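Derivation of every value follows stated rules applied to the coordinates shown; laboratory data play no part. Keep in mind that what you see is a predicted model, and the values were worked out from it rather than measured. We place every Cβ from the backbone using ideal geometry, glycine too, and count neighbours over all the protein chains shown.
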Amino acid sequence: MANLTKMPFNVDISKLQPDGNGASEDGKTVVPGGLPGETLSVTPLARRHKVIYCRIEEVKTASKYRVECACPVADICGGCSLQHMEHSAQINFKQTNWLKTFATPPKEIIPALLGPKLNYRCKARLGVRFVEKKGRVLVGFREKMKGFITDTQSCKTLRLPAGDLLKPLSKLIMALSDPKSVPQIEVACGDSTTALVVRHLGQMSKADLKALEKFSNVHGIHLYMQPAGIKSIYRLAPRIAEPFLHYDLYDHDIRMHFMPLDFTQVNHSINRSMVNLALDLLSISQSDQVFDAFSGIGNFSLPIARRAGRVIGAELSSESVARARYNATENGIENATFVELDLFKDFEQDFLKQTSHLLLDPPRSGAECLMRSIVKSNVRRVVYVSCNPQTLARDIEILVKGGFGFDKAGVIDMFPHTAHIESIALLSR
Ligand SMILES: C[S@@+](CC[C@H](N)C(=O)[O-])C[C@H]1O[C@@H](n2cnc3c(N)ncnc32)[C@H](O)[C@@H]1O
């Protein structure tokens, strides 16, 4: 067994872990970037719980699924974990892992929903760090297995122009009076506007603010400042602009307005296809009442409202509820109601009394509590959108035991080149 001296050794990779890392048969050597069937020369990076994590020095025997990465730092940057794997093999890997999680499998598999593979990412939190040894500021995602910020000039998965702004941003922050005062920058892209939210700890000087405004002007982006908590965010530049970012759901003639830190789906392009698929699966008519659980800013509720008799959207965040109501008004939708509700707790069943159809899109922890309410209700058709196969499988089992049939399900390529799995499922009774 190898130790943590930096001596290279050879390892045969026999499996891919759910996190996308390659691993030896016994699982004791883990290699980010390794693919099954490969022999790699590696050096140890870290040891955690009897597992040695290694870096690839040389690919001795390559998998037929290995491809050239689009990004020169894909092997270091923690933003992607599967760029080195041919895209259809990525989908295969996700589908296989995802299917394994279900105790009761779906009766039918929906073909994977595919979208753009690069420049798809509309939301990101970029780390910012002044690195003494390099004498400059780094802006980007953290390295794999480490807390350092990846030294890179651009990002191939971020939407443009944001993906090409890492180097200019690092120069901008480096030129501020205190480059250490900026720990992170949030990226949020709308269809026609890119917003950056600069978190800063100290006070910015007049010259700093001028430099930031100039950056906004030169690169055509909206710059927001965040001196404290989320409520302190304000737009620095441009001074005159639309108050919101937006993305359009063209097929439903809906414009979704949002603020940079509102929850929106990461990949707006595939989101459009996902909303359409969810609507097809829900199969609603004008006489139906639909409950949209975890409704956010109304991404599913408003297109549903175009087809249903009535929609109730429920959501914990008061800001999102306010935005959903605004979006309903702006799009001339009058049959959608939004309520602020903690769906992790038991709630008034009254909401579900008249509901025949329910869509839910919970956070990673799933919606165990809501499942029990659904079983007791008159809901006949459930569409479940999930970003976590484990909690999806757990929740679906509750519905299956409660008398629902697991009709169909499929994966959605929301996060190409990462191991994250988005999926959708239809259950009915
Ligand atoms: C994956 S997002 C889905 C949002 C929306 N469906 C969309 O497509 O944009 C999950 C949403 O659940 C909300 N949420 C988190 N915990 C919640 C809770 N306990 N009760 C209700 N909503 C919650 C979040 O604020 C977030 O808007």
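A compact table of results
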| quantity | calculated |
| --- | --- |
| Residues E242 and E25, FRET efficiency given R0 of 60 Å [Cβ-Cβ distance, rounded to 0.05] | 0.60 |
| Alpha-carbon spread of region 7-154, three principal axes, descending order, Å | 58, 39, 29 |
| MRE, 222 nm, helices only [DSSP H, n ≥ 4, -39500 (n - 2.57), over the chain, to nearest 500] | -7000 deg cm²/dmol |
| Largest-first principal axis extents, alpha carbons of region 142-245, Å | 41, 32, 26 |
| Spherically averaged projected area in nm², based on the convex hull that wraps the Cα atoms of region 34-76 | 3.6 |
| Per principal axis, descending, Cα span of region 9-84 in whole Å | 33, 24, 22 |
| Fraction of beta bridges assigned by DSSP in the chain that are antiparallel (%, nearest 5) | 65 |
| Distance between modelled label sites at S285 and K353, nm, 7 Å Cα→Cβ extension | 2.4 |
| Extended-chain gain in nm, criterion 0.36 nm per residue less alpha-carbon gap, R429 and S205 | 74.4 nm |
| Distance (nanometres) between label positions extended 7 Å along Cα→Cβ at R47 and R364 | 2.8 |
| Disulfide-incompatible cysteines by the Cβ rule (no partner under 4.7 Å) in the chain | C54, C69, C71, C77, C80, C155, C369, C387 |
| Order of D164, D350 - criterion: other Cβ atoms within 10 Å of each residue's Cβ, fewest first | D350, D164 |
| Net length gained if the chain between S14 and V67 were fully extended (0.36 nm per residue, minus Cα distance) | 17.3 nm |
| Ratio of Rg to Rh over the chain (Cα coordinates, Kirkwood Rh, two decimals) | 1.00 |
| Charge context of L399, other residues only, Cβ under 12 angstrom, K/R +1, D/E -1 | +3 |
| Axial C-alpha extent at least 15 Å, average Kyte-Doolittle at least -1.0 - helices from the chain (DSSP) | 206-219, 268-282, 389-401 |
| Sequence-separation-based contact order of the chain, relative, with Cα cut under 8 Å and 6+ spacing, percent | 13 |
| Residues D251 and K117, FRET efficiency given R0 of 30 Å [Cβ-Cβ distance, rounded to 0.05] | 0.85 |
| Residue with peak Gaussian network fluctuation, the chain [Cα springs, cutoff 10 Å], from H268, H200, H417 | H200 |
| Ratio of Rg to Rh over region 295-395 (Cα coordinates, Kirkwood Rh, two decimals) | 0.95 |
| Cβ-based net charge around N378, under 14 Å, with every Lys or Arg adding one and every Asp or Glu removing one | +3 |
